[in-house]
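The values are calculated or read from the model by the stated rules, or taken from the named source; none is laboratory data. All figures in this text were calculated on a predicted structure; none of them were measured in a lab. Every residue, glycine as well, gets a Cβ built from its backbone with ideal geometry; the counts of neighbours run over all protein chains shown.
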Amino acid sequence: MNSLFPILAIVRKDISVWLRQPTSIAATVLPAIAFMVILYFGAQAVGRNPVALIVQDSGPHAQELINILSDSGAFKVAMITIAPQKAEDALKQVKVAAVITIPSNFDAAYNAKKPDPVTIHINNLNLDFTNDLRRSLPAAITMFYAGQSAINGNNSPIQIRVKETDLRSQDIDLLRFE
């Protein structure tokens, strides 16, 4: 309770200054608003890279993977096509950051429990975006196989089980970490 009095005194002083000098309100509030705007645009610029999907398989598993890639927080599917040249042109013109190809044998490979045949062709103009894409496609494919395991009763070529262990017996919040 004793620490509350100095805080209230500072608040009272700030309000009295604001009433005498209304421009000080702007000087107080505008930097915070500007910072929030910068953070918003910075967050929009990172992640959600535009990608083109070349879909050469019309099977149910390929369609499920398309849905997972479209709903992924890492990609913004800008184009879905069956024409490889159209997607490659978009990549060369920097309209998309990568071209993900779901080949015609995707469902057959899945049913035969063969390794994932999906490929990605990345425009590595920006290393940060390139690394985001390199991490994101395997994560999305892992989500696909994890979902298939749940649907098919562990009939998936890849079994996903996450075993998490903590380094410490108690979580450490940021303020205590510093």
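Take VAL96 and tell me if it is surrounded by 16 or more Cβ atoms within 10 Å (Cβ to Cβ), β-branched (Val, Ile, Thr) and in contact with a helix residue (DSSP H, G or I) (Cβ under 7 Å, 6 or more places away or on another chain). Judged against the criteria, VAL96 is a match. Which one is modelled with the lowest pLDDT, of the residues in the stretch 16-34 that are over 40 Å from the mean Cα position of the chain (by Cα) and not basic (Lys, Arg)? Only one residue fits best here, namely PRO22. Selection of strands (runs of 3 or more DSSP E) fully inside the stretch 32-141 by the criterion of at least 2 residues being without any contact (Cβ under 8 Å) to a residue 40 or more places away in the chain and out of contact with any Pro (no Cβ under 7 Å at 6 or more places or on another chain) returns 75-81, 119-122.
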